[in-house]
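Q: Can you keep this structure in mind? I'll have questions shortly.
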Amino acid sequence: MEDQTKICQNCKNKFNIEPDDFSFYEKMKVPAPTFCYLCRVERRLAFRNERKFFRVKDAFTGLDIFSLYPPESGKKSVTEEEWHKDNWNELDYGRDYDFSINFFKQLYKLEKEVPIFALRVEGMINSSYCANASYLRNTYLCFNSNTSESCMYGNAVDYSKDCVDNSHVNHMERCYECFWMQNCYQCYFTIMSAESRNLWFCRNCLGCNDCFGCTNLRKASYYIFNKQYSKEDYFSEIEKMKLDTISGLKKAREAARNFWKTQPTKYQHGLKNINSTGSYVTNCKNVNDSFLIREGENMRYCQYLQVPKNKDCYDTTAWGDNMEMHYETCLCGENSYNLKFSTDSWPNCKNLEYCISCFSTSDCFACVGLKKKQYCIFNKQYGKDEYFEMVEKIKKQMDDIPYVDKKGSVYKYGEFFPIELSPFGYNNTTSFQYFPMTKVKAEENGYPWIEVPRGKYNITKKALELPYSINDADESILDDVIECNNCKNPYKILEDEFNFYKKEKIPLPDLCDECRFRRRIEDRLKFQLYDRSCMCSGEKDATGKYKNTVKHVHGDNSCEEKFKTGYGSERGEIIYCEKCYQQEVY
């Protein structure tokens, strides 16, 4: 089949469907999409509340619990322990399908009636205040994280220990304020680096130790701003920076990031890829137009699959761990196979369509909260033959009586859930991080908007009054309620957090954890990819800021290499192609 150009139902922009795409859709037995890939990912992420807690009443006990689902959603939240008990039967909520009523309206009603565990967690030990996570021990306020211990204030922290304020990292220990890192020890304020230790404010470094403010180094030691020092001189210069103080840290951050702007960066951040495009794609083969992917194969338009290994997926968002044959799913993973148009279904799920929060379930259609069931539709049990016959009838009815949202987009079989049916409130979802909009605009689109209530606290100390150095801080700070230097909201320093800062000789933060998170993900690119050309123009880059260290293969002429990149021209980075970049790495 040849390329086909369509107009997105949502944004009205053109998008292409290529022959390989059609082959995948045929294999999955689904129609081609009617939304462009950016609108598709926005739609999926609107069903993901990564880090906002709400106090709600437990649907079984009536006690106060924390939940990802706000009271306004109408969802019945229960604790993980209660949800897994055998004293209730999710099939009791089953009902016959009404062929006179739109499919999505019926499913939306069922979703509000079936209890669901509140925080989307599994195998947690002493980690009550975490969500969208599994197998965490002694961990606090970590989200989208797995198999980590003694970590705090993180998102996408996997296989790590004793880390605070990190995003999208794995196999890390004693690290602080890092982004997209792996196999690192004692690294601070460092991004997009691997297999290193004791780095401060570094970017794109590999196999390095004891470096400050550096970028593009390989197997280097004792460098400051890419300049070699002796071991003794290096530590002498580091001591002069007073990194144990708030002012010293801020000065160092500004200096390092100003230096980064004068150095080239590779058009695509990733290592050991074959025929792959996107942003933060590492150890992948045939993974294209994707984002934050590790060890994937044969995938396109996927995001947040950082727990390997996954393959043969399109339009799949979070979280991974041996996923295969997924299309338009969100928050599914852990040995799941052939899932379509489903969310929050794991582990060991197979052959699900339009399912929500199902556990170890297979061959089910439009079910909510099932555990270890098969051949169910709308939580009603069917025989095998009757099940498949009913599914085909419902798919036809979905085409005959489609759902039409407030913007006029038509939802037939083959579309993910409409955003306006999200239980979270658009402003509390991951979509809001990448596709921000005002409350007025969201309500015009028909999207829910739900504010997170804040408790009332008496501020006892402003951030400007914090101890100058971590060496001046004592445990009395644990009793203070501090006013964030940015948003003015209150926050506290916890005992384990205080001990971490003392151990790593890092000053107390003058921002609350939410503002630290927002600052950290400012380094993160968006989903969009841009067609650009290498900025190497011969002896220098096109802006004249950077002078090449060696003569490139294109000599004094400009490099003509073209590529897709997540770096838009408005960001200001010096972007080099793979060949030009590698010649400048040392």
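Nothing in this text is a laboratory measurement; each read-out follows from the coordinates by a stated rule. Quick caveat, the model's predicted, so the values are computed rather than measured. In this analysis, Cβ positions are derived from the backbone assuming ideal geometry, glycine residues included, and neighbour counts consider all displayed protein chains.
Q: Please give the length that would be gained between Lys461 and Asn258 if that part of the chain were fully extended, namely 0.36 nm times their separation in residues minus their C-alpha to C-alpha distance (nm, one decimal).
A: 69.9 nm
Q: Can you tell me the mean projection area, over all orientations, of the convex hull of segment 384-454's alpha carbons? Units nm², please.
A: 6.9 nm²
Q: Using the count of nearby Cβ atoms within 10 Å as a rough guide to exposure, how do Ile191, Ile575, Ile17 rank from fewest to most?
A: Ordered by Cβ neighbours within 10 Å, fewest first: Ile17, Ile191, Ile575.
Q: With Cβ to Cβ distances under 9 Å as the rule, what net charge do the other residues near Asn166 carry (K, R +1; D, E -1)?
A: Summing Lys/Arg as +1 and Asp/Glu as -1 gives -1.
Q: Considering only the other residues whose Cβ falls under 13 Å of the Cβ of Tyr222, what net charge follows from Lys and Arg at +1 and Asp and Glu at -1?
A: Neighbour charge sum, excluding Tyr222 itself: 0.
Q: Please compare each pair in Lys29/Lys393; Lys340/Lys396; Lys285/Lys350 to a cut-off of 21 Å on the Cα-Cα distance and tell me which ones are over it.
A: Beyond 21 Å: Lys285/Lys350.
Q: In the structure shown, do any of Lys161/Lys579; Lys6/Lys412; Lys219/Lys526; Lys311/Lys439 have a Cα-Cα gap over 27 Å, and if so which?
A: In this structure, Lys161/Lys579; Lys219/Lys526; Lys311/Lys439 lie more than 27 Å apart at Cα.
Q: Could you state the number of Å between the C-alpha centres of segment 203-243 and segment 529-586?
A: 25 Å
Q: Any idea what the dipole of segment 461-523 comes to, in debye rounded to 20, about its Cα centre with Lys/Arg Cβ at +1 and Asp/Glu Cβ at -1?
A: The calculation lands at about 260 debye.
Q: Something else now. Once you put a point 7 Å from the Cα of Glu72 and another 7 Å from the Cα of Trp88, both along the Cβ direction, what distance in nm separates them?
A: 2.4 nm
Q: Roughly how far apart, in whole Å, are the Cα centres of segment 1-48 and segment 402-433?
A: Computed from Cα coordinates, the inter-centre distance equals 15 Å.
Q: Arrange Phe104, Phe416 by Cβ neighbour counts within 10 Å, fewest through most, would you?
A: Phe104, Phe416
Q: Using 1/(1 + (r/R0)^6) with R0 = 41 angstrom and r between the beta carbons of Tyr468 and Glu570, what's the FRET efficiency to the nearest 0.05?
A: Taking R0 as 41 Å, the efficiency between Tyr468 and Glu570 is 0.65.
Q: Using the alpha-carbon centroid of each, what span in Å lies between segment 265-300 and segment 97-116?
A: When both Cα centres are located, 38 Å separates them.
Q: Report, to one decimal in Å, the Kirkwood hydrodynamic radius for the chain based on all distinct Cα pairs.
A: 25.4 Å
Q: Ok, one more. How long, wide and thick is segment 530-584, going by the Cα atoms along their three principal axes, in whole angstroms, largest first?
A: 27, 19, 17
Q: Calculated FRET efficiency, Ser247 and Tyr129, Cβ-Cβ r, R0 41 Å, to nearest 0.05?
A: Efficiency, from the Cβ-Cβ distance: 0.85.
Q: Let me ask something additional. For Asn138 and Leu494 in one chain, what is 0.36 nm times their gap in residues minus the Cα-Cα distance, to one decimal in nm?
A: Full extension of this stretch gives 126.8 nm more.
Q: Plugging the Kirkwood radius over Cα pairs into Stokes-Einstein for segment 294-351, at a temperature of 4 °C and a viscosity of 1.567 mPa s, what D comes out in µm²/s?
A: Estimated via Stokes-Einstein, D reaches 127 µm²/s.
Q: Over segment 108-149, what per residue volume does the convex hull of the Cα atoms give, in whole Å³?
A: That works out to 71 Å³ per residue.
Q: Mind pulling up the Rg/Rh value for segment 223-342? Radius of gyration and Kirkwood radius, both on Cα.
A: On the Cα set of segment 223-342, Rg over Rh gives 1.22.
Q: Only helical DSSP H runs with n ≥ 4 go in: add -39500 (n - 2.57) per run for the chain, normalise by residue count and round the 222 nm mean residue ellipticity to 500 deg cm²/dmol.
A: Taking each H run of at least 4 residues, the total per residue is -5500 deg cm²/dmol.
Q: Based on the inverse mean of 1/r over its pairs of different Cα atoms, what is the Kirkwood hydrodynamic radius of segment 292-396, in Å?
A: It works out to 13.3 Å.
Q: Calculate the tail of P(r) for segment 461-523: the fraction of all Cα-Cα distances greater than 14 Å, expressed in %.
A: 55 percent
Q: Compare the Cα positions of Ser290, Ser150, Met535 along the charge dipole of the chain (+1 at Cβ of Lys, Arg; -1 at Cβ of Asp, Glu; about the Cα centre) and return the one farthest towards the positive end.
A: Met535
Q: Using Cβ contacts closer than 10 Å as the measure, can you line up Leu199, Leu119, Leu107 from fewest to most?
A: The most exposed by this proxy come first: Leu107, Leu119, Leu199.
Q: So what are the radius of gyration and Dmax for the Cα set of segment 506-563, in Å?
A: Here Rg and the maximum Cα pair distance are 18.6, 50 Å.
Q: Okay, next question. Listed highest first by mean packing, meaning other Cβ atoms within 10 Å per residue, what order do 379-391, 296-308 come in?
A: Averaged packing, sorted descending, gives the order 296-308, 379-391.
Q: Calculated FRET efficiency, Glu392 and Lys109, Cβ-Cβ r, R0 22 Å, to nearest 0.05?
A: Calculated value: 0.45.
Q: Still on this structure: How large is the dipole of the chain about the Cα centre if only Lys and Arg carry +1 and Asp and Glu carry -1, each at its Cβ, rounded to the nearest 20 debye?
A: Its charge dipole is roughly 1100 debye.
Q: In segment 174-266, what is the volume of the convex hull around the alpha carbon atoms, normalised per residue and reported in Å³?
A: Hull volume over Cα atoms, normalised by residue count, gives 85 Å³.
Q: Between Ile521 and Lys562, what is the label-point separation in nm under the 7 Å Cα-to-beta-carbon projection?
A: 3.4 nm
Q: Turning to a different aspect of this structure: How large is the Kirkwood hydrodynamic radius of segment 353-476, counting all unique pairs of alpha carbons, in Å?
A: 19.0 Å
Q: For segment 55-139, just the Cα atoms, rotate onto the principal axes and tell me the three extents in Å, largest first.
A: Principal-axis extents of segment 55-139 (Cα, largest first): 51, 27, 24 Å.
Q: Here is a follow-up. In nm, what is the difference between 0.36 nm times the number of residues separating Asp64 and Lys372 and their Cα-Cα distance?
A: 108.0 nm
Q: Go through Lys57/Lys441; Lys52/Lys488; Lys27/Lys109 and tell me which ones have a Cα-Cα distance over 25 Å in this structure.
A: Check vs 25 Å cut-off fails for Lys57/Lys441; Lys27/Lys109.
Q: Please give me the summed charge of the neighbours of Phe66: other residues whose Cβ is under 13 Å from its Cβ, Lys and Arg +1, Asp and Glu -1.
A: In short, +2.
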